[in-house]
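**Student:** Below you will find the structure I want to go over with you.
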């Protein structure tokens, strides 16, 4: 079996600190999903986030003790997995991600792209 290249892990904004506020069991699920992504795989519970084309933005959802936790990350950049957002779902109505959270993911995805391009430029120097 060939060894897969491990992508580096990065986070944007407060995403990592927010993830660390989750219950330990939830952190384990999210951490495992991110580890699988770093090795080129996809956690069984990872689904493309609605509204983002191409499947490069994924969401892992975990229910714990009556609450729902979500981590959103992107695998669209060759060398990195970026954690974009980690949050506890507040709404008790429906399963949709709030527009406020979607807007934050879009903003952080743009920041991840800028970081990635900056890294690529440094490597060419």
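The values are calculated or read from the model by the stated rules, or taken from the named source; none is laboratory data. Worth saying up front: this structure is predicted, and the values here are computed from it rather than measured. We place every Cβ from the backbone using ideal geometry, glycine too, and count neighbours over all the protein chains shown.
**Student:** When only residues in the stretch 86-103 that are exposed (fewer than 14 other Cβ atoms within 10 Å of the Cβ) and under 22 Å from residue 17 (Cβ atoms) count, which is modelled with the lowest pLDDT? Let's see the steps before the verdict.
**Tutor:** Keep residues of the stretch 86-103 that are exposed (fewer than 14 other Cβ atoms within 10 Å of the Cβ), which gives 90-96, 98-100, 103.
Still in the running and under 22 Å from residue 17 (Cβ atoms): 90, 98, 100, 103.
Numbers: 90: 74, 98: 86, 100: 92, 103: 95.
Among them, the one singled out is 90.
**Student:** Can you tell me which residue among 34, 83, 117 is in contact with a helix residue (DSSP H, G or I) (Cβ under 7 Å, 6 or more places away or on another chain) and either at pLDDT below 90 or closer than 24 Å to residue 8 by Cβ (or both)? Steps first, please.
**Tutor:** On the way: 34 fails: in contact with a helix residue (DSSP H, G or I) (Cβ under 7 Å, 6 or more places away or on another chain); 117 fails: in contact with a helix residue (DSSP H, G or I) (Cβ under 7 Å, 6 or more places away or on another chain).
The unique qualifying residue is 83.
**Student:** Now for a different question. Just to check your reading of the model, which residue among 35, 67 is surrounded by 14 or more Cβ atoms within 10 Å (Cβ to Cβ), under 19 Å from residue 17 (Cα atoms) and free of Cβ contacts under 8 Å to residues at least 24 places away in the same chain?
**Tutor:** Details: 67 fails: surrounded by 14 or more Cβ atoms within 10 Å (Cβ to Cβ).
It is 35.
**Student:** Also: Name the residues in the stretch 47-57 that are part of a strand (DSSP E or B) and buried (at least 17 other Cβ atoms within 10 Å of the Cβ), would you?
**Tutor:** Applying the first criterion (part of a strand (DSSP E or B)) to the stretch 47-57 yields 47-48, 57.
Hit for the stretch 47-57 is 57, nothing else.
This table checks each residue for (1) outside any loop (DSSP other than H, G, I, E, B); (2) within 15 Å of the chain's Cα centre (by Cα).
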residue: 35; (1), (2): yes, yes
residue: 44; (1), (2): no, yes
residue: 59; (1), (2): yes, yes
residue: 85; (1), (2): yes, yes
residue: 90; (1), (2): no, no
residue: 107; (1), (2): yes, yes
residue: 114; (1), (2): yes, no
residue: 119; (1), (2): yes, no
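**Student:** Hey, another quick one. In the stretch 5-13, is there at least one residue being loosely packed, with under 13 Cβ neighbours inside 10 Å, touching a strand residue (DSSP E or B) at 6+ places or on another chain (Cβ under 6 Å), in contact (Cβ under 8 Å) with a residue 24 or more places away in the chain and on the phi < 0 side of the Ramachandran plot?
**Tutor:** Yes - at least one qualifying residue is present in the stretch 5-13.
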